[in-house]
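Input: a single structure, listed below in structure tokens.
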Amino acid sequence: MSPSVPAKPTLDGLEAKWAARWDADHTYSFDRTKTREQIFSIDTPPPTVSGSLHMGSVFGYVQTDTIARQRRMLGLELFYPMGWDDNGLATERRVQNYYGVRCDPSLPVDPDFAPPEKPGDREIPIARQSFVDLCDRLVVEDEKKFEELWRTLGLSVDWAMTYSTIGERSRRASQRAFLRMLARDEAYSAEAPTLWDVDDRTAVAQAELEDRETNAAYHSLTFHGVDGGENIVIETTRPELLPACVALVAHPDDARFAGRFGQTVRTPLFGVSVPVLAHPLADPEKGSGIAMICTFGDTTDVVWWRELQLPLRNVMGRDGRFLPNPPEWGTDVDDAAGTHYEELAGKNAKQAQRRIVELLAETRELVGEPKPITHPVKFYERGSRPLEIVTSRQWYFRNGGRDQSLRETFLQRGAELRWHPAHMRQRYDSWVEGLNTDWLVSRQRFFGVPIPVWYPLDAAGEPQWDAPMLPSEDRLPIDPASDLPEGFSADQRGVPTGFIADADVMDTWATSSLTPQIVTGWGDDDDLFGRTFPMDLRPQGPEIIRTWLFDTIVRAHFEHGTLPWRDTAINGWVLDPDRKKMSKSKGNVVTPMPLLEKHGSDAIRYWAASGRPGTDTAVDEGQMKVGRRLSIKLLNASKFVLGVISEAPAGEITEPVDRSMLHALAVTVTECTDAFEKYDYARALERAERFFWHFCDDYVELVKHRAYGAADDPGAGSARGALSTALSVLQRLFAPFLVYVGEEVWSWWQEGSIHRSEWPTLTEFVEGDPLVFAATAAAMGAIRKVKSDAKVSMRAEITQATVTDTEVRLAALELARRDVLAAGVITQLDTVVGDALAVTATLADPRA
RNA sequence: GGGCGCUUAGCUCAGUUGGUAGAGCGCCGCCCUUACAAGGCGGUGGUCGGGGGUUCGAGUCCCUCAGCGCCCACCA
């Protein structure tokens, strides 16, 4: 094919031109006739579409794409689908804010319901189905925006294989996996104290917690001794939970309380009798060394409550407000107890605390002033108020949180997985080692995969929680709220001897932990599953190791007895230009589209691919400019080489300096290939880039005069052959990074897409002596410096130059004498053997 | 409290088996060289966080200290 180079190459318009071509040519379509060995499958993170687009969304996905493209060029068939994580609370919240509505499952469906144009001041309560419909509607819009961004970025995913975590395939896989875990006793339901978000009114899992330093105060409260026993003063940050107090606890070895264990004291304000107990978890150093146990102030209370077998005195409602009636206190309480409790009923935790402190002050049972402190408090990661603990029936998946040997099993799975970079495994290990509960998967929410379970109602209308009724797998996916259990009719729903549906949905992670199974067609397409599972690579961010990565390992272990993938590549964080962590609340989120338009996709990709694996990287427009400059350089260098070889044919590569340059390029190819093998795309880019500038600055300048020679000049043919070979290799080395300009310059002289071309191998090269190019390039650099120091043009003539260098390097230089004379515009070149390189030169008189 | 990572030129960062410190940006100077002036060429600039050790030789290995960031932890 004869090269066809535009007169004025440009980066403008390349994205639109080639994105359309790739789409039309199915350049990235997956060929499912390939065997498992020929396929490289990537379990790409489905982004949370209800979140905003930001540079963090770009960073990791580009890094993954460079690996995907290089593997494709190696000849592997890429199984590289893209999904959208759209179910779950994040979407519900977005819908609530976007439309100004609130789901009230007690309302009947209004068939004429339409959302308001703009959200009003007050949220409109709507039926569950209407709410879910709005969620479905909005995620479609959000997904379009993500797809547009990914396409602009040039991600080489197969757009015919998208999926969403609320889609039918996902629901079917999620429910099937649930039923199988239930059958194997890997899933179970239980009534137990649970961390609870009072705003979203749902249980949350350990993986969704985060600690926040929170202001609080130690309140010293007097508990009254009975039968002549002395009073005991305890310190608490949650005095409002006093009516929920069930015991005091101190360390068994604490001499201060040695005589008190087993005795009874009476609580302030209420006069409830509670025992003084010993437990090793009580810390003598903390507060007054003795604590009150309430049901429940924190997770330590839950441990004490369980291990000391204490009664339940619940005061906190699921809406975060004190229950209307006091708990069961026993008979022997203060007369004023009920009155005092009435003061708290209906108040939230903060209000109740304020009031109870006033009451305690009035009764002089508050000792001194509260002492302000800050301490870590558990929050739902998306929540704004501290979590409470309430008792409720929930579904759990076993994950080792309550089983040491299972925990060991998952640690072993983590060790089997190949981590890039390797140290990221530490995060996995410390998470698994710290698990203390099973995985709570049920959520009291609406937009999610329903738990596929019904319960029979007895003659009194009470649900039989221990006898769930399950659908057969061929019915999946189902919604138990509208579908019926086998053998029941619709009119039996909710009536005695009938049935009710499980009202909950699964946590979004309960579904997204199955992405390897969902995309590979587990249970739906056995042929595809056999060709793609277990998958090769899981790329993802570090923040979801404890959720997505760990959960996915749990599911694959239980269902398939294997790892879900062989390798995982963990990307770093994206920081704002001032190296601060980006977050919506700080308002420093950088959105990608303006940067893409300003610098171009290849420049953005260059920035992302420059970030080392697992290394936090700042948004850096300077780096994007460097990427753009590199792209322009590739255009121009390609234009030059193709211009030369279109004038006269490439010949056999015979000249020592030509072979030497190719030798250096071969070394670079090996380095790039090795780096990619280890998932180090950044190193591959850096090596390719370093050689490319060396090639442009030193080699092209050196041989261009010779390359212009006639068709029958062997030296000219050799230069053209070397230039042509090097250009082809360099274009392909850059192709995984600079996908648009790479395709453009390839199209000028080659058939087919560069992204389906072969990754360079050493068979394309000829042998050469590395010293020739090295010594010559060094000498040319010194000659350029002479001219630069003399402040003359690089075209200025040198009448005589003397190059001093070692004997072996001079011998190498001698082999390129013709090129040195031409490139340096040197009339007479002398050489002197010495210790190191030095150049002296006499410049021609410009007036002569 | 436990763990991981980072600390190299003014800035952002490379530096993979230990062998005379690198890139880009910035800055200074030069060059309109027919691939490239929204370019190119040349240059300035670092006791590689502090201390100790191993070695003929340490940015690179070991110990220790400090600062920054992150992860985990039952956080009255």
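Working only within the range A:265-303, note down all residues that are of a type in the set (Val, Ile, Thr) and within 28 Å of A:Arg318 (Cβ to Cβ). Give the derivation first.
Within the range A:265-303, the first condition is being of a type in the set (Val, Ile, Thr), and the residues that meet it are A:265, A:267, A:272, A:274, A:276, A:290, A:293, A:295, A:299-300, A:302-303.
Within the range A:265-303, A:Thr267, A:Val272, A:Val274, A:Ile293, A:Thr295, A:Thr299, A:Thr300, A:Val302, A:Val303 qualify.
Examine the range A:228-239 for a residue that is of a type outside the set (Asp, Glu), more than 14 Å from RNA strand B (Cβ to nearest atom) and in contact with a Lys or Arg (Cβ under 9 Å, 6 or more places away or on another chain), and state whether such a residue exists. Don't jump to the end; show me each part of the working.
If we filter the range A:228-239 for residues that are of a type outside the set (Asp, Glu), which is where we start, we get A:228-229, A:231-234, A:236-239.
From what's left, more than 14 Å from RNA strand B (Cβ to nearest atom): A:228-229, A:231.
Going one step further and asking which of them are in contact with a Lys or Arg (Cβ under 9 Å, 6 or more places away or on another chain), we end up with A:229.
The answer is yes, given that some residue of the range A:228-239 is of a type outside the set (Asp, Glu), more than 14 Å from RNA strand B (Cβ to nearest atom) and in contact with a Lys or Arg (Cβ under 9 Å, 6 or more places away or on another chain).
Please determine, by comparing only the residues of the range A:240-256 that are within 11 Å of RNA strand B (Cβ to nearest atom) and either farther than 15 Å from A:Val357 by Cβ or in contact with a His (Cβ under 8 Å, 6 or more places away or on another chain) (or both), which one is most open to solvent (accessible area, probe 1.4 Å).
Here is the first cut: in the range A:240-256, the residues within 11 Å of RNA strand B (Cβ to nearest atom) are A:241-242, A:245, A:248-251, A:254.
In the following step, the residues that additionally are either farther than 15 Å from A:Val357 by Cβ or in contact with a His (Cβ under 8 Å, 6 or more places away or on another chain) (or both) were identified as A:245, A:248-251, A:254.
Values: A:Cys245: 2, A:Leu248: 0, A:Val249: 0, A:Ala250: 0, A:His251: 38, A:Asp254: 12 Å².
The selected residue is A:His251.
Among (1) open to solvent by less than 60 Å² (accessible area, probe 1.4 Å); (2) free of Cβ contacts under 8 Å to residues at least 40 places away in the same chain; (3) more than 12 Å from RNA strand B (Cβ to nearest atom), there is one condition A:Met624 misses while meeting the rest; what is its number?
Every listed condition holds for A:Met624 apart from (3).
Applying the selection to the range A:790-815, what residues are in a helix (DSSP H, G or I), within 16 Å of RNA strand B (Cβ to nearest atom) and either among the aromatic types (Phe, Trp, Tyr) or within 19 Å of A:Asp698 (Cα to Cα) (or both)? So that I can check it myself, show each step before the final result.
Taking the range A:790-815 and keeping what is in a helix (DSSP H, G or I), we get A:807-814.
Checking the rest, the ones that are also within 16 Å of RNA strand B (Cβ to nearest atom) come to A:808-809.
Within the range A:790-815, A:Arg809 is the sole residue that qualifies.
Which helices (runs of 4 or more DSSP H) sit wholly inside the range A:692-776 and have at least 2 residues that are more than 14 Å from RNA strand B (Cβ to nearest atom) and farther than 27 Å from A:Thr152 by Cβ?
Details: elements: A:701-707, A:714-734, A:739-747.
Passing ranges, in order: A:714-734.
Starting from the range A:694-716, take each residue that is surrounded by 21 or more Cβ atoms within 10 Å (Cβ to Cβ) and list its partners that are of a type in the set (Lys, Arg), counting only C-beta distances under 6 angstrom and pairs at least six apart or across chains.
Hits for this filter: A:Ala707/A:Arg720; A:Ala716/A:Arg706.
If you take the residues in the range A:31-50 that are in contact with a helix residue (DSSP H, G or I) (Cβ under 8 Å, 6 or more places away or on another chain) and open to solvent by 30 Å² or more (accessible area, probe 1.4 Å), which one is nearest to A:Ser757 (Cα to Cα)? Spell out how you get there, then give the answer.
Quick first cut of the range A:31-50, residues in contact with a helix residue (DSSP H, G or I) (Cβ under 8 Å, 6 or more places away or on another chain) only: A:32, A:34-36, A:39-50.
With the extra rule that they be open to solvent by 30 Å² or more (accessible area, probe 1.4 Å), the set shrinks to A:32, A:34-36, A:48.
Numbers: A:Arg32: 19, A:Lys34: 18, A:Thr35: 20, A:Arg36: 21, A:Thr48: 34 Å.
Only one residue fits best here, namely A:Lys34.
Which one is farthest from A:Asp283 (Cα to Cα), of the residues in the range A:298-320 that are without any contact (Cβ under 8 Å) to a residue 40 or more places away in the chain and open to solvent by 70 Å² or more (accessible area, probe 1.4 Å)?
For the range A:298-320, the residue satisfying everything is A:Gln309.
Could you please give the count of residues in the range A:415-428 that are surrounded by 14 or more Cβ atoms within 10 Å (Cβ to Cβ) and either within 13 Å of RNA strand B (Cβ to nearest atom) or in a helix (DSSP H, G or I) (or both)? Reasoning before the result, please.
Within the range A:415-428, the first condition is being surrounded by 14 or more Cβ atoms within 10 Å (Cβ to Cβ), and the residues that meet it are A:417-421, A:424-425, A:427-428.
Cutting the leftovers down to either within 13 Å of RNA strand B (Cβ to nearest atom) or in a helix (DSSP H, G or I) (or both) gives us A:419-421, A:424-425, A:427-428.
Residues flagged as surrounded by 14 or more Cβ atoms within 10 Å (Cβ to Cβ) and either within 13 Å of RNA strand B (Cβ to nearest atom) or in a helix (DSSP H, G or I) (or both) within the range A:415-428 amount to 7.
For the range A:666-687, indicate whether the set of residues that are touching a helix residue (DSSP H, G or I) at 6+ places or on another chain (Cβ under 7 Å), within 12 Å of RNA strand B (Cβ to nearest atom) and over 18 Å from A:Ile67 (Cα atoms) is non-empty.
Checking the range A:666-687: not a single residue is touching a helix residue (DSSP H, G or I) at 6+ places or on another chain (Cβ under 7 Å), within 12 Å of RNA strand B (Cβ to nearest atom) and over 18 Å from A:Ile67 (Cα atoms).
Can you give me the ranges of the strands (runs of 3 or more DSSP E) entirely in the range A:190-294 with at least 2 residues that are within 28 Å of A:Gly401 (Cα to Cα)? Can you show your working first?
Details: elements: A:209-225, A:232-236, A:245-250, A:264-266, A:273-278, A:290-294.
Those strands (runs of 3 or more DSSP E) span A:209-225, A:245-250, A:273-278, A:290-294.
I'm trying to understand the selection: among the residues of the range A:369-414, which are of a type in the set (Gly, Ala, Ser) and either within 12 Å of RNA strand B (Cβ to nearest atom) or in a loop (DSSP other than H, G, I, E, B) (or both)? Spell out the reasoning first.
Of all residues in the range A:369-414, those of a type in the set (Gly, Ala, Ser) come to A:383-384, A:392, A:400-401, A:405, A:414.
A:Gly383, A:Ser384, A:Gly400, A:Gly401 - these are the residues of the range A:369-414 that are of a type in the set (Gly, Ala, Ser) and either within 12 Å of RNA strand B (Cβ to nearest atom) or in a loop (DSSP other than H, G, I, E, B) (or both).
Consider the range A:429-449. How many of its residues are in contact (Cβ under 8 Å) with a residue 40 or more places away in the chain, within 8 Å of RNA strand B (Cβ to nearest atom) and either more than 22 Å from the chain's Cα centre (by Cα) or not in a helix (DSSP H, G or I) (or both)? Even if it seems obvious, please write down each step before you answer.
First pass over the range A:429-449, keeping only residues in contact (Cβ under 8 Å) with a residue 40 or more places away in the chain: A:431-432, A:435-449.
Those left that are additionally within 8 Å of RNA strand B (Cβ to nearest atom): A:431, A:435-436.
Still in the list and also either more than 22 Å from the chain's Cα centre (by Cα) or not in a helix (DSSP H, G or I) (or both): A:435-436.
So the count comes out to 2.
Out of all the residues in the range A:527-573, which are closer than 23 Å to A:Arg71 by Cα, within 16 Å of RNA strand B (Cβ to nearest atom) and β-branched (Val, Ile, Thr)? Walk me through it before giving the result.
Filtering the range A:527-573 for residues closer than 23 Å to A:Arg71 by Cα gives A:527-541, A:549, A:563-572.
Add one more test, that the residue is within 16 Å of RNA strand B (Cβ to nearest atom), and what stays is A:540-541, A:549, A:568-572.
Passing the criteria: A:Thr568, A:Ile570.
Could you list, in sequence order, all residues of the range A:147-159 that are of a type outside the set (Ser, Thr, Tyr) and either open to solvent by less than 10 Å² (accessible area, probe 1.4 Å) or in contact with a strand residue (DSSP E or B) (Cβ under 6 Å, 6 or more places away or on another chain) (or both)?
In the first step, residues of the range A:147-159 are kept if they are of a type outside the set (Ser, Thr, Tyr); the result is A:147-151, A:153-155, A:157-159.
Residues satisfying the conditions are A:Leu149, A:Trp150, A:Leu153, A:Gly154, A:Leu155, A:Val157.
Please state which one of A:Ala503, A:Ala460, A:Ala467, A:Ala481 is free of Cβ contacts under 8 Å to residues at least 24 places away in the same chain and either assigned to a loop (DSSP other than H, G, I, E, B) or surrounded by fewer than 22 Cβ atoms within 10 Å (Cβ to Cβ) (or both).
Only one candidate qualifies: A:Ala467.
When only residues in the range A:581-615 that are within 9 Å of RNA strand B (Cβ to nearest atom) and surrounded by fewer than 15 Cβ atoms within 10 Å (Cβ to Cβ) count, which is nearest to A:Pro539 (Cα to Cα)?
Per the stated criteria, the residue is A:Thr615.
The values are calculated or read from the model by the stated rules, or taken from the named source; none is laboratory data. Note that the structure is a prediction, hence the values are computed from the model and not measured. Ideal geometry is used to build each Cβ from the backbone, glycine not excepted, and the neighbour counts take in all protein chains shown. Keep in mind that these areas ignore ligands, DNA and RNA; they rest on the heavy atoms of the full protein, side chains included. Shrake-Rupley method; radii C 1.70, N 1.55, O 1.52, S 1.80 Å.
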